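Asker: Okay, handing you the structure first.
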Amino acid sequence: MTFDQKIQLANTIGTWLAAIGTISAVITSLYFARTSNRINLRVFAGLRVTFDGDGSPPNNYFGINITNKADRNVVITSIGWSVGKRKNTQFCIQPFHSNLSVQYPKTLQHGESASFLIPIDNENEWLVPFATGFVKTPDSKTLKSLKLWVETSVGERVILSPENNFINKLKEIGRT
């Protein structure tokens, strides 16, 4: 192989490497453009206890904590529930009347969190009516279908099962 042929081969390899690099850059930028517009929420829903630190007894709540992990603002427009499967699915929207709870619509910036709280110290105010009125039969089969829905202003939603401490409390109410 002559010197001119080696230079020509090096130019060809360089052209191919440049083309591969360009294609990789386009694919990477498309991936980031597509994922940067997605809503990315971290949601926890379960029983919570707060202590005021003044010697008063603890306060019990059902709490939903939502953190915005996306690079864009997210507006929480409603939170609701579903229970049942297929044709037997029931839905309800959850209001939040507690002074300690945020209200919706709630705008969350990147990294910001919001806590939606329902007091349950008096179980007959929300917990028992929820278990017996909405869930109706809080047994293991029904509670597997219980889902919490977090709705956003752009039509996307996060659907999750509540934490086991809440499921167990509903089972306990169902046994009484």
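The values are calculated or read from the model by the stated rules, or taken from the named source; none is laboratory data. These numbers were taken from a predicted model, which means no experiment stands behind them. Backbone-built Cβ (ideal geometry, glycine too); neighbour counts: all protein chains shown. Quick note on the areas: whole protein, heavy atoms, side chains included, nothing else; ligands and nucleic acids left out. Shrake-Rupley method; radii C 1.70, N 1.55, O 1.52, S 1.80 Å.
Asker: Hey, any idea what % of the chain's accessible area is carbon plus sulfur with a 1.4 Å probe? Don't skip to the end; give the middle numbers.
Answerer: Numbers: 6200 of 11280 Å².
With neighbouring chains kept in place, the figure for the chain is 55 percent.
Asker: Could I ask something else about it? What do you get for the angle between helix 164-175 and the principal long axis of the chain? Use alpha-carbon atoms, 0 to 90 degrees, nearest ten.
Answerer: Relative to the chain, helix 164-175 is tipped by roughly 30 degrees.
Asker: Ok, one more. With each pseudo-label sitting 7 Å past Cα toward Cβ, what's the Asn11-Phe51 distance in nm, one decimal?
Answerer: The modelled label-to-label distance comes out at 7.7 nm.
Asker: Okay, moving on. Could you order the peptides 156-167, 68-79, 19-30 from most to least packed, using the average number of other C-beta atoms within 10 Å per residue?
Answerer: Working: 156-167: 15.3, 68-79: 17.6, 19-30: 10.0.
Ranked from most to least packed, the peptides come out as 68-79, 156-167, 19-30.
Asker: Okay, moving on. From the residues Leu47, Asn37, Phe62, which one has its Cα farthest along the dipole of the chain in the positive direction, the dipole being from +1 and -1 charges on Cβ of Lys/Arg and Asp/Glu about the Cα centre?
Answerer: With unit charges placed on the Cβ atoms, the residue in question is Asn37.
Asker: Quick one: dipole size for the chain, taken about the Cα centre, charges +1 on Lys/Arg Cβ and -1 on Asp/Glu Cβ, in debye to the nearest 20. Display every interim value, and only then the final one.
Answerer: Numbers: 19 positive and 13 negative charges, 173 e Å.
Around 840 debye, computed over the chain.
Asker: Rounding to the nearest 20 debye, state how big the charge dipole of the stretch 82-176 is about its Cα centre with +1 on each Lys and Arg Cβ and -1 on each Asp and Glu Cβ.
Answerer: Values: 12 positive and 9 negative charges, 131 e Å.
In debye, rounded to 20, the stretch 82-176 gives about 620.
Asker: Chymotrypsin sites (Phe, Trp or Tyr not before Pro), restricted to the stretch 13-62: which are DSSP loop and have at most 11 other Cβ atoms within 10 Å? Provide the component values of the computation, followed by the final result.
Answerer: On the way: sites: Trp16, Tyr31, Phe32, Phe44, Phe51, Tyr61, Phe62; in loops: Phe51.
For chymotrypsin sites (Phe, Trp or Tyr not before Pro) across the stretch 13-62 that sit outside H, G, I, E and B with at most 11 neighbouring Cβ atoms in 10 Å, the list reads Phe51.
Asker: What is the sum of charges around Pro119, taking Lys and Arg as +1, Asp and Glu as -1, for the other residues whose C-beta is under 15 Å from the C-beta of Pro119?
Answerer: On the way: positive: Arg48, Lys169; negative: Asp52, Asp121, Glu123, Glu125.
Charge balance near Pro119 sits at -2.
Asker: Give me, ordered by chain and number, the residues 5 or more places off Leu146 or on other chains with an amide H under 5 Å from its own placed amide H.
Answerer: Under 5 Å from the amide H of Leu146: Gly84.
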